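Below you'll find the structure, written out as C-alpha cells, and then a few comments.
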Amino acid sequence: MGTLYLVATPIGNLEDISARALRILRESTLIAAEDTRHTEKLLSHYGIHTQTVSYFEHNKLSRLSLILQKLNEGDVALVSDAGTPAINDPGYELVQAALASHFKVIPVPGASAPISALSISGLPTDSFLYLGYLPHKKNERRTKLSEVAAQPYTLIFFESPHRIIESLEDILATLGDRQICVAREMTKMFEEYWRGQTSAALEYFSSQPVRGEFTLIINGNKNEVVTRWDEKELLKAIKQEQKKGKSSKDISAELSLVSGWSKREIYNLITQSP
C-alpha cells in the first residue's frame with residue numbers, strides 16, 4: 001500500500017526544492033500535477049522521468065479513482081503549479097479520499113507563497129489570517145474585507161495583476177490606510193517587495209505597468225478602542241466624502257472604521273440629513 005505525498009515545489013526559482021522532494025518525485029509511481037506541462041519543466045530540469053497525470057480544479061473529482069488505484073500499487077506525489085499543494089490549489093478532496101481509504105498522507109515541506117511573503121513583510125508574524133484570492137467582483141470584495149476589518153491578525157491575500165489596482169482601492173476604502181507589504185514575482189527575476197501605507201502603494205502601482213502575481217500582507221486592526229466622534233465631526237467628514245462622489249453605503253462603511261459609529265448609524269444619519 002502506497003503513500004500520498006504532498007510535495008511542495010518552487011514558487012519561481014527552480015533551486016527552491018529540497019533533496020527529499022526530488023527523491024520522492026523520482027521514486028513515486030505517479031505524479032498528480034495541476035498542470036503537467038508546467039510540472040514537466042521542473043522534472044526535466046532535474047532529470048526526473050516519473051509518469052504524470054493532470055489533477056486540476058475541473059477534473060479533481062473524476063481523477064480520484066485513478067489515483068487511489070495507483071496508491072494500491074505504490075507511492076503517489078501530488079504537486080501544484082507552485083508552492084504547497086492543497087493551499088489555495090486542488091488537493092483537499094484527494095487528501096480526504098486517501099485518508100478515507102486508509103492510505104498514509106505525508107507532507108514534503110517547502111516553498112509557500114503566503115508564508116514567504118509574511119516572513120519578509122516587516123509586519124507581525126505571530127498570528128495571521130490567510131484568505132486566498134480576494135473575490136473578483138467589487139461588492140463581494142468589499143464585503144469580504146469588511147468581514148475581517150476588525151480582526152487584529154495580519155491579513156494575507158493573493159491578487160492577480162488584472163485586479164491589483166481595484167483591490168488596493170477597496171482595501172484603502174474598507175480597511176483604512178494601513179501598513180501593507182506588496183510582494184510581486186517572489187523568487188523570480190523581477191521580484192519586488194514594496195512596503196508602506198496602502199495609499200502610497202496604490203499611487204505607486206497605479207503609476208506603472210502592472211505585471212506578475214501578487215501576495216498582499218496587511219497589518220491587522222490595532223485600534224482596539226475607537227473614540228466615538230461627536231455628530232458635528234461626523235457630519236463634516238460625511239460632507240467631505242460626498243464631495244468625492246461616494247455612495248452613502250461606501251461612506252458608511254469607511255467612516256465606521258474610524259469614527260466609533262456603526263455603519264447603520266452613519267447611513268441613517270446620511271439619509272435623514274437635509
The residue that is farthest from Glu15 (Cα to Cα), considering only those in segment 32-45 that are surrounded by 14 or more Cβ atoms within 10 Å (Cβ to Cβ) and hydroxyl-bearing (Ser, Thr, Tyr), is Thr36
How many residues does segment 206-217 contain that are surrounded by fewer than 19 Cβ atoms within 10 Å (Cβ to Cβ) and within 20 Å of Leu118 (Cα to Cα)?
-> 2
Note: among Pro135, Pro114, Pro85, just one is touching a strand residue (DSSP E or B) at 6+ places or on another chain (Cβ under 8 Å) and either β-branched (Val, Ile, Thr) or over 20 Å from His38 (Cα atoms) (or both), namely Pro114
Leu71 meets each of (1) of a type outside the set (Val, Ile, Thr); (2) surrounded by fewer than 16 Cβ atoms within 10 Å (Cβ to Cβ); (3) at pLDDT 95 or above with one exception, condition (2)
Residue set Ile87, Ile106; condition touching a Phe, Trp or Tyr at 6+ places or on another chain (Cβ under 9 Å), surrounded by 15 or more Cβ atoms within 10 Å (Cβ to Cβ) and among the β-branched types (Val, Ile, Thr); output residue Ile87
Can we say Tyr92 is hydroxyl-bearing (Ser, Thr, Tyr) and either touching a Pro at 6+ places or on another chain (Cβ under 7 Å) or closer than 30 Å to Leu66 by Cα (or both)?
-> yes
Looking only at segment 50-105, which residues are on the phi > 0 side of the Ramachandran plot and either under 29 Å from the mean Cα position of the chain (by Cα) or among the basic types (Lys, Arg) (or both)?
-> Gly83, Ala86, Asn88, Gly91
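The values are calculated or read from the model by the stated rules, or taken from the named source; none is laboratory data. As the structure is a prediction and not an experimental result, all values here were calculated from the model. In this analysis, Cβ positions are derived from the backbone assuming ideal geometry, glycine residues included, and neighbour counts consider all displayed protein chains.
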